[in-house]
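Quick note: the coordinates plus some simple rules give every number you see, no bench work behind them. Here the structure is a predicted model, which means the values were calculated and not measured. Every residue, glycine as well, gets a Cβ built from its backbone with ideal geometry; the counts of neighbours run over all protein chains shown.
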Amino acid sequence: MNKSSLINNEDKEILFSRELLKGTEDFINAAKTFDSNISIEDIGQAMRNVWIMNILQMLFEMKVAFTDSIFGYSMLYPYTDNYLDNPQISKEEKVNTNERLEKRLKGELIEPNNEYEKRVFDLVSKIENTFARETYPEVFQSLIYIYNGQVKSMIQQGKRTSPYETDILGISIEKGGSSVLADGYLVKGKLSYEEARFCYGYGILLQICDDLQDATEDLESNHMTIISQLAEKWDLDNITNGLINFTINLIDGVECFQCKNIKEIKQLIKKIAYN
């Protein structure tokens, strides 16, 4: 590991700021109150998204704070993602549940069929309590985008495919990009074109980095990503180099953020992607 990948003093000032630490503590307490049976792993998965949203708050020159929309989305994502990834749940049941979730995301007030649906619908309500649908339609459209990405990701499960059978890369791009795009809208409510473009690109970066780190595990479980498809037969060095170039172009090239410590935040964003 080279020195540039290590957390330095500037990173610590950001990561260990009073506001971010308080937001972290508030989120953990809220998660345990919301679901007393939630696992440490699920809290950790959600917490990563909380930190990404906190960093977006910094980029947008907003106060770093814990909000209902941050809680609602950060919890919603692992709940739905883990549900879709659960091999013990039939595809038919997943499809039925997803159809009901789509209706709820579009604003329909429907009664939950089970405890899982109750929790997920409650999380959607927390987002609605922060952003009025009539005023912030992009917030809820972004949730539909990530929902569609998650549903399409079901194609990745259970069987091995070649890179030419299904658009696995396209699925990863849509799922990853729409995830952080939703982060941006749930932080700010409305985004400029450049802000939305950055969020989508950063989501792609995080998704491909995750796929790279999980390549062996994904291959063993027949979970197909562009990385696990290629891992058995091809060297991944070229993909890794391409990912590094994409990171540099995306983060160094963005000019729409004017916060005072933008240089330090950009460096931290790069490190988060690869850890």
A correct Karplus calculation of ³J(HN,Hα) over segment 131-147, with 6.51 cos²θ - 1.76 cosθ + 1.60, θ = phi - 60°, whole Hz and x for Gly and Pro, returns 10, 5, 4, 5, 8, 10, x, 5, 4, 7, 5, 5, 5, 5, 4, 5, 4
Within the set of other residues whose C-beta is less than 11 Å from the C-beta of I248, count the net charge using Lys and Arg as +1 and Asp and Glu as -1. +1
To make sure I understand, if each residue's beta carbon is the centre and we count other beta carbons within 10 Å, what order do I110, I204, I144, I272 fall in, fewest to most? I110, I144, I272, I204
Please identify every one of the chymotrypsin sites (Phe, Trp or Tyr not before Pro) in segment 172-206 that sits in a loop by DSSP and has no more than 14 other beta carbons within 10 Å of its own beta carbon. none
J(HN,Hα) series, segment 243-257, from Karplus relation 6.51 cos²θ - 1.76 cosθ + 1.60, nearest Hz, glycine and proline x: 5, 5, 5, 4, 4, 4, 5, 5, 7, 5, x, 6, 10, 8, 9
A correct Karplus calculation of ³J(HN,Hα) over segment 97-111, with 6.51 cos²θ - 1.76 cosθ + 1.60, θ = phi - 60°, whole Hz and x for Gly and Pro, returns 5, 5, 5, 6, 5, 4, 4, 5, 5, 7, x, 6, 9, 10, 6
Using the structure shown, list the pairs from K91/K271; K103/K152; K63/K263; K175/K266 with a Cα-Cα distance above 27 Å, or answer none. K91/K271
Note down the net charge around T24, summing +1 for each Lys or Arg and -1 for each Asp or Glu among other residues with Cβ under 14 Å from its Cβ. +1
By the scheme Lys and Arg +1, Asp and Glu -1, what is the net charge of all other residues having a beta-carbon under 11 Å from that of Y83? -2
